[in-house]
Amino acid sequence: MRSGHRLGRPFGWLWGAYGTSALGTWLAFGAFPLIAIQVLNAGPGEVAALSSVGAAVGAVVAVPLGPWVEFRRKRPVLIAMDLVRFAALLTIPAAFALGVLTFLQLLLVSVVVAAADITFRAASGAYLKTLLPPEDLLVANARFESTAWTTTIIGPPLGGAAIGLLGPVATLVADAVSYLLSALGIRATGRHEPRPEPREAARLRARDLLDGWRYILADATLRPLFINTALFNGLVMAASPLLAVLMLGRLGFAPWQYGLAFALPSIGGLLGSRLARPLATRFGQHRVLVVAGTLRAFWPIGLAFLGPGTGGLLLVMGVEFGLILCCGVFNPVSATYRLQHTATDRVARTLSAWAVTAKASTALLTAVWGVLGGLLGPRTAIGLAGVLLLATPLLLPRRGAAPPPAPEPESEPSRT
């Protein structure tokens, strides 16, 4: 790595833009369901639909955007997606002020934001790969990971205080402004980006929509990591609503205790992200990927034994700390491993397919576990998710593989 790990001014602006939008997202955490409940008097079914249907439909809308992004400069796409989210979110406070806000508008905005999120992630990964040399990618991803956990720690408490003082609509304004600031930060990177090679066909064909999935499933390195990530994230997120029902309902925890149980363990994410690069340097990326990916699967089963009182609270915090610590190590190594093993001209399509699958699988598994929670009870359903998670390490890449060859020097576009 370079001395002091200085990644340059363009990356600094990109990192700042990421941190700003991430903080805005966590400030507005829970704002959509709160607006639906407090302003529109929505019932449980509508609130569930807002969370699951919005994400699922947004994922479907984003499917054709991956191939579209691949053959365009990524920096303008990133700015455009930030501005789309800024404009979409601002329609909610505007409609609220005029007294015309409806549940349908909330649902449509959630779809637009979900689709823009997926497109932004696909473009940002591809842009990062052009911005930095391969040996700096892990440092960059570790910084993104530590920023994500920092905003997770400080965002919800600040957002909760703002909601208490000003209402949930105010936090959506802050979230919208964070995307505008992110767009300005990305614009300030000021880095010339080479134009991608034009597509072979003049127009996007139906078969092109599946290019990302075809590439992933045909690659012996990416395929197991892809399946592992989709199942692990989906099962963890599927159990989250049931854990809330168990803690806030049957076990009688106060809302502040519930928030504390997930805020404090996020410190493990900061610690894990700081350990990711030293561990990968010493033991190799593939070994750290497999070990951290295996260890993170053993923690969630502990939530099935949750009880009331201080002991139960400490159990949740301990389980979450261990889980988040392992994820803090795994996530930046996984993101770097994925970028390094994806051909440069396939990154946007691959990351788009990855993000679409993650959104869709989480929405599907959340719906399934909601039904299981009703049939079996929340504790049994949480335990079932934990048991299934124990099998996910079997899907991790068993052997490391060499990254795809870099483009020939004479064919690589010049950078400034």
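The values are calculated or read from the model by the stated rules, or taken from the named source; none is laboratory data. Quantities reported herein were computed from a predicted structural model and do not represent experimental measurements. Cβ placement follows ideal geometry from the backbone for every residue including glycine, while neighbour counts extend to all protein chains displayed. The accessibility values were calculated without ligands, DNA or RNA, using every heavy atom of the protein model including side chains. Shrake-Rupley method; radii C 1.70, N 1.55, O 1.52, S 1.80 Å.
Quick notes
- Number of the exception - GLY370 against (1) at pLDDT below 90; (2) assigned to a helix (DSSP H, G or I); (3) touching a Ser or Thr at 6+ places or on another chain (Cβ under 8 Å); (4) farther than 26 Å from ILE267 by Cβ: (3)
- Residue that is nearest to the chain's Cα centre (by Cα) [pool: residues in segment 246-293 that are among the aromatic types (Phe, Trp, Tyr) and under 13 Å from VAL316 (Cα atoms)]: PHE262
- Residue within segment 175-183 that is open to solvent by less than 30 Å² (accessible area, probe 1.4 Å), over 19 Å from GLY16 (Cβ atoms) and in contact with a Leu (Cβ under 6 Å, 6 or more places away or on another chain) present: no
- Taking segment 213-313 as the region of interest, the helices (runs of 4 or more DSSP H) fully inside it that hold 2 or more residues being touching a residue at least 60 places away in the same chain (Cβ under 8 Å) and either under 30 Å from VAL63 (Cβ atoms) or open to solvent by 70 Å² or more (accessible area, probe 1.4 Å) (or both) are 222-245, 267-283, 285-295.
- Only one of the numbered conditions (1) more than 30 Å from ARG282 (Cα to Cα); (2) open to solvent by 20 Å² or more (accessible area, probe 1.4 Å); (3) not charged (D, E, K, R) is not met by ALA115, and that is (2).
- LEU27 being of a type outside the set (Lys, Arg), buried (at least 22 other Cβ atoms within 10 Å of the Cβ) and under 17 Å from the mean Cα position of the chain (by Cα): yes
- Of all residues in segment 118-132, those that are outside any helix (DSSP H, G or I) have Cβ atoms under 7 Å from Cβ atoms of residues that are of a type in the set (Phe, Trp, Tyr) and open to solvent by less than 10 Å² (accessible area, probe 1.4 Å), 6 or more apart or on another chain, in LEU132/PHE11.
- Any chance PHE96 is closer than 27 Å to ALA238 by Cα and of a type outside the set (Gly, Ala, Ser): no
- Flag if ARG2 is basic (Lys, Arg), open to solvent by 50 Å² or more (accessible area, probe 1.4 Å) and modelled with pLDDT of 80 or more: no
- Among the residues of segment 143-176, the one identified as charged (D, E, K, R) and touching a Pro at 6+ places or on another chain (Cβ under 7 Å) is GLU145.
- Verdict on ARG338 being under 24 Å from TYR215 (Cβ atoms) and touching a Phe, Trp or Tyr at 6+ places or on another chain (Cβ under 6 Å): no
- If you filter segment 129-144 down to residues that are at pLDDT 90 or above and within 22 Å of VAL356 (Cβ to Cβ), you find that the one that is surrounded by the fewest Cβ atoms within 10 Å (Cβ to Cβ) is PHE144.
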